[in-house]
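Heads up, the thing below is written out as structure tokens.
The values are calculated or read from the model by the stated rules, or taken from the named source; none is laboratory data. Given the structure is predicted, the values throughout are model-derived calculations rather than measurements. We place every Cβ from the backbone using ideal geometry, glycine too, and count neighbours over all the protein chains shown. For the accessible areas, the whole protein counts, side chains as well, though only heavy atoms, and no ligand, DNA or RNA atoms are used. Shrake-Rupley method; radii C 1.70, N 1.55, O 1.52, S 1.80 Å.
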Amino acid sequence: MRRFLSALIVLGLIMFFISTLPLIPEFGKASLSKVSRAFIDKDVNGNGGNIQYGVSKDLENGAANVVTSIVVDYRSFDTLGEVTVLFTSALGVGIILSGYKRKKFGREPNFILRVSVGILLPLILLFGAYVFIHGHLTPGGGFPGGTIIAAGILLLYLSNEEFDLSKTVKFVEGISGSLYVIVGLLGLAVSGVFLINFLPTGVVGNLFSSGIVPIIYILIGFKVGAELSGIVAELHREG
Amino acid sequence: MSALLIAVPLLIAFLFVPLKNKIKYILPFVALFSLILILKLPIEQVNFLGGWKAPFGITLVLDNSSYYSLIVVNIIFFLLSLIPQIIEKDLSLIFLILMASINGLILTGDLFNSFVFLEITSVAAYILSSSKRNYYGAFKYLILGSIAGAFYLLGTLYSYIGTGSLNLADISKNINSEFLAVVPILIFIGLAVETKIFPLAGWVPDVYASGSALTPAILATGVTFSMMYLFGRIFITVFHGEFLNVVYIFGLITVVVAELSALKQDNLLRALSFSSIAQAGLFLSVISMNSYESLTAGYFHLLNDITAKFVLFIIAASIGKSFIKNKTTGIAFSIASFSLIGFPLFAGFRSKLLILKTAFLNQNYILPIILLFATIIEIAYVLRWNIKLWYPDNILPQEKEKTQKLSWNVNLILLIVALVIIVIGFYPDIYLKIAQNIASGLTNYRAYVTNVLGGM
Amino acid sequence: MVYYISFILIGIGIYGFLTQKNLFKHLISLTIIDTAINIFIISLGYISGEEAPIYSKYTPIANFVDPLPQALVLTAIVIGVGILALGVSLLIKVYEKYGTLDVEEIVAKEGK
Amino acid sequence: MINVIIIFIGILMAISAIFAVESKKIIDSFIALSLMSLLSVFLFVIMKAPDVAITEASVGAGLTTAVLVLALRKIGGDKE
């Protein structure tokens, strides 16, 4: 009975969504909105358009990856909020699990895991760092980079019972978060606008380009890595 | 400058992660700073974050309605920060984040940005509601809230497809009637959990009645107010009052169901939670009439309700079974509860009268009947609880020993708020002015659009 | 095409939420709904024949799909994982308190 | 051609989602969920969203599963 009723509700919901199909463009035939057009041409302030990779310089935003330019520059405030969501939930995991009884895991981490973590870990961390440093040029950026680092930390936890990083994690997360806000406040001090990109944007496609975008993405990478490692550590702690 | 209202609490929250035990004593200063900053800000100011102009970047809009909403919310936070007893030790950081996110929710002029702030607010609320080991209630709230958030996101995307923009003013200008048939449904489901509409309000009693004083004292006042503000902003300013007929019906159903459930409860906190749901339903059905007068009446009533609930929830959660040791607290409780039922001379009377007047002006006779019905039930249970708490019959001596005396600062703040209720009962002008300003800001959507987009 | 996939997945998620009694299954349903909505959002910005929105040696000209939905989904994914982690930790505590994850058993124990 | 691939992936996703919701053992549904996440990564790549694909691969398929499995181990494994 319950299943039948649920199926009915679900069917109604799917029918509702299908009835909205005439409103949205056919699959693969979407058209760019004026907002997206301006973001791609880096033309919000009216001096962009016709961008050439490796040549165009001193645009309003110098990131070759348009998604990054939206996430970290045009809509940077969303990203600050998103980092705050992650921060809050990491904090909440700590608060909620704080009174949990500790019990030992019992099983020794096996030898193969320990040795292979020793080899893999530096590579994983390096790859994570690469992903968030090149976030404005290639796919990737702070969020996947941070997650990759957290995955490395998770391996470290699995291979070593005594390992504890929670103090460092709190420190890194606090500092990188504050630096993000401070970068924003610097913009407020320099030109009276919160989170403005106040550094020169350089040539599209260079590593040192697009002003504060790589700086913020590196901070996000550290922060996300620290927060997710914190969550993982908290969940792993007493096994 | 209005970005500071969000940036400063966040910065302090981030900075104090390693030493979170000290932060409790900083809370009042942060709240006071926000309050002073708001009073110094000029009205009718639009802040383009990152320097990107209106439909492209994210804007923070300070107009009449958001300005006065900010004042209300920040006063609540300031009062709460002066009662450090009820803030459990780890929750101070959550308190700061909630402050930042609610300021953001009120200020933001961007639909997706409001989704982000909605999520921050909900995450902070889930953590708050898990205090006092109320894990199952918090889990239920989390699942419901997240599914609702998913629907809100869908609504955001549909309006992006329909208008090519995420800016509220741009959507308000460009949205066409085809999309107005779909987007409001999705956004309504998305907001129904936080605004406590009947089928999705099942989490409220479990969360509010967990026994913690802070949880209902924030969620039923500050968070509810900002959600109601967002609801008005989206449905009145952006959707021009489309879809409000459905909201009206849902609101009235919520009032009836919640009042009947409140009557049945034998736990004071649960009864108050149901009363909170009922008042939310009443508010939504009043603003559904979509005129300047009805919005004024609605927000005036909401202000009275959150003032009364502030007092009632803190007392109900921190006092035992009677007022034997806390006579002054009892007086504050009685004042607030009489205001809740709309007893003449108290603040609630004024707003209920105003609601009746607007309903009759709009030739709406169903709302007054429901309102009178709800008031009768409210009188029944409020009187019952007052008698029960003032004259407890079979109270054991050891229980009498256990009830603690509330400390002086709690009593003082509760008495001041209770005094405000009486003052509003005689001179409603202060609350009325706030409500009128919010209403005029929300209804005047042409001014909002030109304010944000410039004279395009 | 992709639209139908995401609608069906949303439906499966809601169905799981309505019928299953294990709290883990509720979290799983939530994740399914999130993923489905992310797919839907991306598909709204897809233009066939156009390239990924990154200027590079291989795609020097701006024939890109809509980048804004992608940026929004990036945000939504991270918010999703934050909520999931919070939900998981609440679930652990629910298990510690009640000794079960079955909704009906928990409600029965709450009532006592 | 691309449509055939999309339909194929879609059917697989629906099957793994149903399996994730309905399976008796919790750990099986985690694996099915992870599979669904991975399949969605293919869809993201097909729809020219490499940023989202990388993020979903590392967050959705990787970290989510790890968090869920850690939690399951913490409450003492599969009971059913």
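A compact table of results
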read-out	value
Percent carbon-and-sulfur accessible area, chain A, ignoring ligands, DNA and RNA, probe 1.4 Å	66 percent
Inter-site label distance for B:Ser291 and D:Arg73 at 7 Å from Cα along Cβ, in nm	6.6 nm
Residues of type aspartates and glutamates that B:Lys388 reaches as a straight line, Cα spacing below 16 Å, ignoring anything fewer than 8 places off in the same chain	B:Asp266, B:Glu378, B:Glu399
Span from the the range C:55-112 Cα centroid across to the the range B:286-325 one, whole angstrom	34 Å
Whole-number percent relative contact order across chain D, with pairs defined as alpha carbons under 8 Å at least 6 apart	29 percent
Whole-Hz couplings from phi, Karplus 6.51/-1.76/1.60, listed for the range A:209-224; x for Gly and Pro	9, 6, x, 7, 4, x, 4, 5, 5, 5, 4, 4, x, 4, 5, 5
Cβ-based charge dipole, the range A:63-236, positive-most Cα from A:Leu97, A:Ile149, A:Ser76	A:Leu97
Cross-link reach list, lysines versus D:Lys48, counting only Cα pairs under 29 Å and skipping chain neighbours closer than eight places	A:Lys29, A:Lys34, A:Lys42, A:Lys57, A:Lys223, B:Lys53, C:Lys57
Percent RCO, i.e. relative contact order, over the range B:19-80, from Cα pairs under 8 Å lying at least 6 residues apart	33 percent
Efficiency of FRET between C:Val107 and A:Leu207 - r from beta-carbon atoms, R0 35 angstrom, step 0.05	0.05
On Cα atoms only, tilt of D:2-22 relative to the major axis of chain D in degrees	10 degrees
Per-residue HN-Hα couplings for the range C:63-71 [Karplus 6.51, -1.76, 1.60; θ = phi - 60°; Hz; x = Gly/Pro]	9, 10, 6, 5, x, 5, x, 5, 5
Pairs of alpha carbons in the protein assembly as shown whose separation is greater than 45 Å (percent)	24 percent
Whole-angstrom gap from the range A:171-239 to the range D:9-80, using each part's C-alpha centre	29 Å
Residues B:Leu361 and B:Ile249, FRET efficiency given R0 of 25 Å [Cβ-Cβ distance, rounded to 0.05]	0.80
Inter-part distance where the range A:1-69 and the range A:108-149 are each reduced to a Cα centre, Å	30 Å
Label-point separation, B:Lys89 to A:Arg2 (7 Å along Cα→Cβ), nm	4.1 nm
Nearest-ten-degree value, helix C:2-19 long axis tilted from longest Cα axis of chain C	10 degrees
Scaled radius of gyration (Cα, divided by 2.2 N^0.38 Å) that the range D:2-74 gives	1.15
Label-point gap, in nm, between B:Thr328 and A:Asn110 - each point 7 angstrom along Cα→Cβ	6.8 nm
Theoretical FRET efficiency, 1/(1+(r/R0)^6), r = Cβ-Cβ of A:Phe171 and B:Leu82, R0 25 Å, to 0.05	0.25
3J(HN,Hα) from dihedral phi, the range B:378-387, Karplus parametrisation 6.51/-1.76/1.60, rounded to Hz, x for glycine, proline	4, 4, 4, 7, 5, 5, 4, 5, 4, 5
Sites matching chymotrypsin sites (Phe, Trp or Tyr not before Pro) across the range B:327-387 that sit in DSSP coil, with at most 16 neighbouring C-beta atoms within 10 Å	B:Tyr365
Unit charges on C-beta of K, R, D, E only; dipole of chain A, Debye	700 debye
